[in-house]
Structures are given as C-alpha cells and as structure tokens.
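Everything below concerns the one structure shown next.
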Amino acid sequence: MEKVLTRNIVPDKGPTDMVAYEANGGYSGLRKAMSGMSPDDCREVVSQSNLRGRGGAGFPTGMKWSFVPMGDKCTPGHKYLVCNADEMEPGTFKDRLLMEYDPHQLIEGMILSAYCIGADLSYIFIRGEYVVAIERLREALAECYAKGYLGENIMGSGYKLDMYVHPSAGRYICGEETALINALEGKRANPRAKPPFPQVSGLWGRPTIVNNVETLCNIPHIIDRGADWFKGLGVGEDAGTKLFGVSGRVKNPGCWELPMGTPVREILENHAGGMQDGLQLKGFLPGGGSTDFLTQDHLDLAMDYNVIGKAGSRMGTGTMIILDDQTCPVGMVLNLIRFFAHESCGFCTPCRDGLPWSRQVLEDIENGRGKAEDLDTLEYQINYIGAIGNTHCALAPGAMEPLQSALKYFREDFERHISGGRCPYHSGVGA
Amino acid sequence: MSDTRIIQTDLSSVLTVEEIAEIDHELVHIPYKSGAAIDALKIVQKARGWVSDECLQAIAKHLEMSSEELEGVATFYNLIYRRPVGDKVILFCDSVSCWINGCDDIKQAISDKLGVDYGETTNDNAYTLLPVPCLGACDRAPVMMVGDELVTNLNNEVVETLFASGKSGGKQ
C-alpha cells in the first residue's frame, strides 16, 4: 500500500527537516496552490475528496470550512486557523508520531488550510508534555520563515500568514474546540455554548477553524494529487488512509498507516500480531477511551466511520484499546470513568457531579461492596448523563459510552463482582 | 497609608526584567493583555518551578486583570503549579492503556522507592509525583515523564535503575 502520511516517517532516522521534506516532494502542494489556485479552488478539492476529521468526530472537513465567511461576507479583521494538537484521548498516540517525525507536513497542511479559509494567523495548540514535538515544530517554523513559506507574500503569491506554536498548560477538555479557543484566550477551558459556531465567532470573536493534526496532514497530498486520487486510497466507503493504532496486551502494539476501511481483524492480527500468549480477546474500544466497546463478533467490520457507527460504537481516533480475558472489565471502565470525572471542567452539573457518582458506584462494585440495585443506578446515570442535550459538551456523554457498552456485553462480570463480593479477576484465578 | 499601596510597591520588583520582556513579547499577537495569562504563568514558572502568590499578583497587575481571575485560570490547569515542586516533576500516566499494562504496580514501586504519593515531593526536593492524562505513547505502555524526558516500557527494573540513588523518602 502507498504510504501517504507516514512516507517520511522512519523513527530511527529522526525528524524530517526542510531539505529532506522537499527532496521527497514536500511543499509541492503549497507551490501548486500559490501559483494559480484560488482559496475557492483549493477548498473545492478538499470538499470533493470526502476527507473527514481525524480528531474523533469524523465531520467532513470541506463542509466545516464552508461555514467560514469569505470575501465581502466577512467583516474586516483577522481569521484564524488552529491546529488541535492536544492529543489526550486515552489510548490515542497518532498525532505525536506525525509531529515528532514530519513537522513540515503538518505546517504545509496548515498553510494550505489557512489559505482555503482566508486566515492570516494560525496556532498550533499542542499539549505541554509533547516537548520533543514542540521543539521540532519550532525548528520547522523557523525554516519556513527563512524560505518565505510563512510571513509576508508566501512564495510570491501575495498571501500572508503567521504561525505560532502554543504549548498548552494541560487538561483533557482543551481538546474540545471551543474549550481550546478559551484556553488560547488565556481563560479557563470551559467549552462555549454553540451557536455561534467557531467558524463564525471563534478566537477573539473572529472566524476560526480548529482541525486535528492528522486531518491537516492530509491536505498537502489532497491539493497536490487531487480528490479522486485521495478517494481511491480507501478500501471501504471512506476516503484516504488513516493512522490506526492498537494498545493493550497484544504481541506488537503500535501505530500504522492503512487504508480507510481496513478490517479490524487485519489491524489486530496482521499488524498488532494478535493477543499475547495465553490471552483471549474479550472486547475493544475502537477509537479511544470515549467510544463504545465492541467484541470479537465485530472483528470483520471495516474501520469506516459509518460501519463502526452502525455497530453501536464510533471510530473516534482510530486507535483501539484491547480488553483481554484476564483484565477486569469493571476495573477498566472504572479507570476510564475516573479519568473523565477528573477531567470534567466542572461547568455543568451532570458532568461535574454525575461522573464522580458513577465512579463511586463502580468503585463499590470493583471493591466488593456492590449491591444488585447498583446496576440500575448505573443505567439511570447512563440514560441521564449520556443524553446529548443534558450536558454542556460531549465529555460526559462520551464517558458513558464505554460504561453502557460494558454493561451490555460484560454484564455477567458486573454481576459476579456483586454476588461474589469481590473482583473475580484479582484472585489470580482469572475469568 | 492603604494596604493596596504597600502591595503595589512590593509587586513592582517581583518579576524580573527578562520575565516581563518575555510576557510582553507574547502580547504582540494577542488583542487583550489578559489573553496572555497562561503564557505569563508558564513563563514565570519556567525559571522558578512554580507560581507563588506574589508572582501571581504581580502577573495579574501586569496583565491588568484581577488576581482572583488569574488564580481561577492558574488552578484550572494541571501543568501550572501553585505549590513548590521538586527539581523534576514525575508525570505518571495512569490512563487506560497503561492501567491494562500494570501501571498501578509501577506507581506503587515508585512510591515505595521515593517515599512519596501523588502530590508529594521527596525530602531532598529531587522529585514531585503527579498523575497525568494519557501521554500518547500507549504502544510503549506503561509510560511516564521525568522532567522533560519520556520514559517508556516501565517495569520494576527501569524504576530501580532510574531512581537508583533514591533518597529516603519523605512528604511535604
């Protein structure tokens, strides 16, 4: 298969600098756009490509951009493009790879995306712990300014763009795009009410697009090689390639670029090497900590947004977390709920007070203090907290996804904790 | 003489010239001074390790915002430290992939070795131990950061080697 996003990535060789990036065709997408394509032309190609956001929601990128007021329809002032490099979804480890080893690919994608929406300022909002990526992105930005790929009159086109790396000060909620915008404004990262959507009123009240790292990394290739080529990369219904990852107790955990629509089984068995010896697959979260469990009945599903959606989960970030038969499902869900309860921004009650309640019930069950009616309490919480519209943002409903599906698929395990008065996985006897 | 005047006099010398210059540099692309709040907290923390009450008040004054508002910002973010920390902060990942791979036992080993639990600093001030959301290196779990360095594939031997000179623990 043709490598697109990872074609320059050979971790043993270190990061790709400007010389190496350009030697392998880098910045040809930008050159093509700057020498004759209008922002409308570029945006049209991206719309035609069917690229969908790689941050987890899968929203069509071209459509997201189409809500930004252009030309006369936009009041005078700045427009912003923001890269969401706040990778913190539990079990997700793909954007780190893209930024540490090929920073120019992201930057080229950002320049092109900013051009598409007419932005003149752009930020890479990156989690503070990614110190290596921050350093390499800053070096790459300096190379771009030196070559005239950023700043005034980019490649002689008259287009002007400045770009800054903004290391964040933490908190998972900053991955929510309006919370991220508040963080960029120096405020507490509480999500904002929508509408207005950031495309109309985002950073400092100006039109703003927030895109994930992997989404932006696709743009140079789409502009350079066209929408049809991109659509042809997928083997299922979705377009392009995707970084798929597997973590948990498999033989070869890792992250690989594969066609969209690659079956789960192929990723798990051919790339991750299958389960470690002596372990069986019990379930998996297909795309990060806030996606519903699927089971071995779903191994032949294609990793496409709608296919995974129809099976009752979400493709999310495309990085799977594997639950084996000797790891306690209640303990795993408790770990996730504990995480989300801790990361609640505290703005709305169902999230701030509901998630700690769920955590408490799960702790009781896991520690052998559970009662039969606790499962009804969990169901009540799932229905209340998990309903979109009861909470200010998607954090708490996302937290309910692994819980509701664990209760559906592994209910027996919850019941055994309660009837036995202890965690059956902790004795060493296992399942 | 009012208390306010005394505080203002004191605050003028809290931040260094270099810190103020660095904060002002951030203001170039930010339309409101308070927009640099998080940058300013990070700049001040960089050299000092943490943000004291005096520093917080001085930053607030410089950015023309109330210190209460800035405190609300500072305490929201887990990488802004409002209490002193050790020379290196250990950011220990306890998220799901690390948990599946046994991070609870590793955390216990570190706590035993260094004599500190989450939120505590060793007596020799070498380390502060804190939990952190998923560090995005799940294929090499369990992982943690020690200062700026990512340490992967943690096991008891790695912990033993890393903290070989482990001081007798203690709590602050």
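The values are calculated or read from the model by the stated rules, or taken from the named source; none is laboratory data. No experiment lies behind these values; they were computed from the predicted model shown. Note: ideal-geometry Cβ built from the backbone for every residue, glycine included; neighbour counts use all protein chains shown. SASA here: full protein model, heavy atoms, side chains in, ligands and nucleic acids out. Shrake-Rupley method; radii C 1.70, N 1.55, O 1.52, S 1.80 Å.
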Size of the A/B contact, given as accessible area buried on both chains, probe 1.4 Å, in Å²:
3400
State in Å² the accessible area per residue of the protein assembly as shown; use a 1.4 Å probe, count heavy atoms of protein chains only, and round to the nearest integer.
39
If you bin every alpha carbon distance in the range A:348-427 into 10 Å steps from zero, what whole percent lands in each bin?
20, 49, 25, 6, 0
Rounded to the nearest 10 Å², what accessible area does B:R82 have for a 1.4 Å probe in the complete protein model?
50
Cα to Cα, under 18 Å, and not fewer than 8 places away if on the same chain: which lysines meet these conditions relative to B:K46?
B:K88
What does the helix-only formula give at 222 nm for the protein assembly as shown: each DSSP H stretch with n ≥ 4 adding -39500 (n - 2.57), the total divided by the residues, and the result rounded to the nearest 500 deg cm²/dmol?
-11500 deg cm²/dmol
Taking the Cα centre of chain A as origin, sum charge times position over the Cβ atoms of Lys and Arg (+1) and Asp and Glu (-1), and report the length of that vector in debye to the nearest 20.
640
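What pairs in A:K73/A:K160; A:K32/A:K242; A:K64/A:K94; A:K242/B:K107; A:K187/B:K113; A:K94/A:K251 have C-alpha atoms more than 28 Å from each other?
A:K242/B:K107; A:K187/B:K113
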For the range A:177-233 and the range A:1-77, compute the distance between their C-alpha centroids and round to whole Å.
12
